[in-house]
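Presented below is the structure to which this report refers.
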Amino acid sequence: MSVIGYCVRGLKRIPYLDALLEAPSYWFALRPAQGTTHIAGWGRKPTAARARRIAAESGLPFVGLEDGFLRSLGLGVQGAPLHSLVVDYTGIYYDATAPSDLENLILAADFSEEALERARACIELLCQHRLSKYNNAPDTPVNWPDDRRRVLVVDQTFGDAAITYGAADASTFSQMLASAIADNPDAEVVVKVHPDVIAGKKRGYLLDAAREQQCRLWSENVSPWALLDAVDKVYVATSQFGFDALLAGKPVVCFGLPFFAGWGLTDDVQECARRGQNRSLEQVFAAAYLHYCRYINPYTGKRCQLEETIRLIGEQKQRHQKLTGPWLGLNFSTWKRGFVPDFLARPEQMQFAGNDSVSITKAAPGTQVVAWASSLQESVVAACKRSRLPLWRLEDGFLRSVGLGSDLVRPLSLVLDGQGIYYDATHPSDLESILKNTEFDPALCARAAVLRTLLVSRQLSKYNVGDQAPALNLPEGRTTILVPGQVESDASIAHGSPWLKTNRQLLEQVRRANPEAYIIYKPHPDVLAGGRVGELAEDGSELFDQLVTDTPMPTLLAQVDELHTLCSLSGFEALLRSIKVVTYGLPFYAGWGLSEDRLLSGGNEGAPAALAELASVRRCLRARGRKRSLDELVAATLILYPTYVDPCSGDIVDVETAVQILEAQRKHADQHGWRRALYRIVRNRFFRR
């Protein structure tokens with residue numbers, strides 16, 4: 001078994017390094033320990049010189065490490081966690097003076113048609129999500145003053161090892177700029193330089209020459225894809241920008257020898273005797289991205305595939321773009337202020353204020369206002385309209401946590417809605433619009449199907465509380481109906497159940513309609529914890545056959561035939577398990593052909609007939625009614641609508657990562673049980689609502 005030693009302290013800061021190296025590793029100060037099989041360091045960086053010397057003196061092979069080609073959302077120097085790593089036992093990919101594992105992979109080109117098809121699919125995914133090595137730059141359109149062709153010349157930071165070992169120097173950049181100007185007389189030459197070069201903080205190669213030649217300088221921090229959309233041809237020395245250009249379908253001229261040069265894909269000024277074989281873009285991509293790079297989910301420590309990394313970083317990028325800008329948070333408690341900014345992608349400008357219109361009036365143009373949906377006042381809504389500021393409503397997500405919000409357990413997911421909120425049937429919501437208007441592609445539905453199977457098999461739900469109780473003793477020959485209780489003071493009942501308002505009223509309706517059924521009643525966890533209103537006003541034992549308190553919802557759902565509810569999320573969880581659901585209110589999942597909806601079908605005996613009292617019913621009948629598959633409902637509700645955040649780093653993650661985090665939290669849930677018990681005692685004694 002390999003044992004890898006390293007003497008560069010920076011490697012100690014990489015979480016899960018052993019998983020990426022696929023071997024145990026350790027740091028040493030002076031000499032490697034006995035039993036060490038390899039010495040690792042950062043490629044050809046100056047910091048690796050000592051590691052290379054120690055490896056040579058010890059007679060041990062050196063392993064070159066580098067960031068992968070799809071590294072992260074943000075920059076490593078700013079603390080963005082690493083998603084991919086290169087581990088090279090021969091050389092390093094940017095060193096054209098010697099072979100590397102990547103070069104050997106491309107030369108062999110030993111890829112099946114299935115692998116090449118996978119490479120094509122991954123290229124399409126990268127193009128779809130518009131991802132590069134780093135992905136925190138704004139992806140906004142680049143507009144030129146006229147319709148001339150544009151040729152992009154990419155400068156690099158002075159003294160970069162990729163230049164030194166990529167057969168380039170200062171003269172190479174001068175020749176590149178001169179050639180770009182001479183070869184494209186009808187085009188404007190745009191020189192891309194680092195903003196720190198223009199500011200004088202770093203040195204480049206082309207700033208002065210570009211000014212002398214009156215070239216357009218580009219130093220704005222935008223996505224490579226945005227710039228590639230706006231140019232017709234790209235010149236590089238050794239920059240990975242050139243490979244991004246190939247993925248974008250642009251012609252590329254190479255003046256140095258980056259890893260993608262010498263294979264017939266680029267117009268090369270220099271030759272590499274070891275290369276010279278024509279390779280397709282899919283072959284080079286398969287070698288570099290599928291075989292050479294190693295991927296990991298930095299929030300779970302689990303190794304993963306490129307497709308999963310694309311999905312995760314793509315989700316982070318999409319959410320960050322959606323949430324960019326200054327924010328004003330209204331009426332958030334001190335506890336919520338601790339995590340709300342994470343769900344807004346940690347904006348540089350985030351202010352909190354009370355629930356009043358004065359702070360809205362004083363807000364700068366472009367500010368987005370956010371408030372907790374259930375505590376939002378109409379005066380705030382009106383003030384935002386007058387000031388023309390976007391108003392967003394926050395609420396707990398559907399895979400929230402291991403523990404209750406009333407116990408101050410930090411949420412793993414929240415929903416951010418720009419129209420209304422999912423439980424308010426009196427107004428449209430973003431979730432309703434997604435279900436009404438989205439054409440779900442097969443890939444998204446397939447992803448939803450996998451997610452649904454995972455949630456059911458792992459028995460995950462919104463709160464994930466309760467003991468794993470044994471199976472219930474249920475009678476044979478009778479339909480078993482589960483009736484989940486709700487918090488009666490919740491806004492979800494006020495705005496999502498226009499007829500029945502209490503748990504007792506619901507039980508009465510269920511018993512009246514199903515006199516022979518075996519009815520199980522499960523009070524809401526927050527009510528049992530003593531933090532919310534929802535206890536039956538009087539003995540209701542005649543309305544149900546069994547009271548269940550500590551059994552987790554997934555365990556119960558596995559044993560019942562039907563679930564009847566006002567508007568509880570447990571109805572959605574029952575649908576995930578293909579259980580019949582009957583609604584007596586207007587939950588978000590009603591009206592899409594998946595549940596039996598008494599209000600929408602007119603099947604509620606004794607319901608009020610006054611149209612004014614059923615305005616929300618009329619609205620839902622108009623807004624919904626489109627037939628949706630279960631996987632489309634899952635895709636909308638659990639993938640497209642919520643935002644998920646890793647509680648340790650505060651980074652936005654995708655739902656698949658959130659599920660893994662939930663599982664890990666559930667394994668360690670008992671560690672903080674005493675704190676929650678103490679908090680409940682204090683809350684119920686002094687603050688019970």
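Run the reach check for K12 against aspartates and glutamates, Cα to Cα strictly under 16 Å, same-chain hits fewer than 8 apart removed. What comes back?
Counting by Cα, and skipping residues close in sequence, K12 has these aspartates and glutamates nearby: E22, E66, D67.
Using the count of nearby Cβ atoms within 10 Å as a rough guide to exposure, how do H320, H668 rank from fewest to most?
On the way: H320 20, H668 9.
Ascending Cβ contact count within 10 Å gives the list H668, H320.
Less than 11 Å from a label point 7 Å out along the Cα-to-Cβ axis of C127: which backbone N atoms in the range 233-276 qualify, by residue?
246-250
How many percent of DSSP beta bridges within the range 184-338 run antiparallel, rounded to 5? Walk me through the intermediate numbers first.
Values: 3 of 11 bridges.
Around 25 percent antiparallel, to the nearest 5.
Would you mind checking the tilt of helix 442-458 against the longest principal axis of the Cα atoms of the chain, expressed as 0 to 90 degrees and rounded to 10?
Orientation of helix 442-458: about 60 degrees from the principal axis.
Take the residue pairs K201/K250; K322/K436; K233/K317; K317/K627 and return only those whose Cα atoms are more than 23 Å apart.
Details: K201/K250 31 Å; K322/K436 21 Å; K233/K317 26 Å; K317/K627 31 Å.
Table pairs above 23 Å Cα-Cα are K201/K250; K233/K317; K317/K627.
Sorted from largest down, what three extents in whole angstroms do the Cα atoms of the range 133-278 have along their principal axes?
43, 34, 31
Angle, helix 503-513 long axis vs. longest principal axis of the chain, Cα atoms, 0 to 90°, nearest 10?
70 degrees
FRET efficiency for C445 and C272, Cβ-Cβ distance as r, R0 = 60 Å, nearest 0.05? Display every interim value, and only then the final one.
Values: r = 46 Å, r/R0 = 0.76.
Rounded to the nearest 0.05, the efficiency is 0.85.
List the GluC sites (Glu not before Pro) within the range 271-367 that fall in a DSSP loop (any state other than H, G, I, E or B) and whose Cβ has at most 15 other Cβ atoms within 10 Å.
Listed in order of number, the matching sites are E271, E348.
Between the helical axis of 306-323 and the dominant principal axis of the chain, each derived from Cα atoms, what acute angle in degrees is found, rounded to the nearest 10?
For 306-323 against the chain, the angle is about 70 degrees.
Which percent, to the nearest 5, of DSSP beta bridges fully inside the chain are antiparallel?
Working: 19 of 72 bridges.
Among the beta bridges of the chain, antiparallel pairing accounts for roughly 25 percent.
For the range 458-648, what is the Kirkwood estimate of the hydrodynamic radius, computed as the reciprocal of the mean inverse distance between distinct Cα atoms, to one decimal in Å?
Working: mean 1/r = 0.0577 Å⁻¹.
Across the range 458-648, the inverse of the average 1/r is 17.3 Å.
Against the empirical 2.2 N^0.38 Å scaling, what ratio does the C-alpha Rg of the range 269-369 come to?
Its radius of gyration relative to the 2.2 N^0.38 Å reference: 1.79.
Could you tell me the convex hull volume per residue, in Å³, taken over the Cα atoms of the range 231-309?
107 Å³
Largest first, please: the extent of the C-alpha atoms of the range 3-61 along each principal axis, to the nearest Å.
Here the Cα extents, ordered largest to smallest, are 28, 26, 18 Å.
For C620, C648, what's the fewest-to-most ordering of other Cβ within 10 Å of each Cβ?
C648, C620
Rounded to the nearest 5, what % of the DSSP beta bridges within the range 1-155 are antiparallel ones?
Counting only bridges with both partners in the range 1-155, antiparallel ones make up about 30 percent.
For the range 164-236, which trypsin sites (Lys or Arg not before Pro) are in a loop by DSSP, counting at most 15 other Cβ atoms within 10 Å?
K201, K202, R203
log₁₀ I(q)/I(0) of the chain at q = 0.05, 0.06, 0.08, 0.12 Å⁻¹, via Debye over equal Cα point scatterers, no solvent, to two decimals?
-0.31, -0.45, -0.75, -1.29
Please check the chain for the longest run free of chymotrypsin sites (Phe, Trp or Tyr not before Pro) that are loop-located per DSSP (anything but H, G, I, E, B) and have at most 14 other Cβ atoms within 10 Å.
Answer from the scan: 159-686.
Under the definition of Cα pairs under 8 Å and six or more residues apart, what whole-number percent is the relative contact order of the chain?
10 percent
Order of D186, D424, D88 from fewest to most other C-beta atoms within 10 Å?
With the sparsest Cβ surroundings first, the list reads D186, D88, D424.
Given a Förster distance of 60 Å, report the FRET efficiency between A494 and E114 from their Cβ-Cβ distance, rounded to the nearest 0.05.
Working: r = 55 Å, r/R0 = 0.91.
Using R0 = 60 Å, I get an efficiency of 0.65.
Report the percentage of all Cα-Cα pairs in the range 318-464 whose separation exceeds 24 Å, rounded to a whole percent.
Everything past 24 Å amounts to 39 percent.
In the range 465-517, which trypsin sites (Lys or Arg not before Pro) are in a loop and have at most 16 other Cβ atoms within 10 Å, using DSSP for the loop call? Please list the in-between numbers first.
Values: sites: R478, K501, R504, R511, R512; in loops: R478, K501.
Of the trypsin sites (Lys or Arg not before Pro), the ones in loops of the range 465-517 whose Cβ has at most 16 other Cβ atoms within 10 Å are R478, K501.
Taken together, the values in this text are just the output of simple stated rules run on the coordinates, not laboratory data. It should be emphasised that the depicted structure is a prediction, and the values quoted were computed from it without experimental measurement. When we count neighbours, we look across all protein chains shown, and the Cβ atoms used for this are built from the backbone with ideal geometry, even at glycine.
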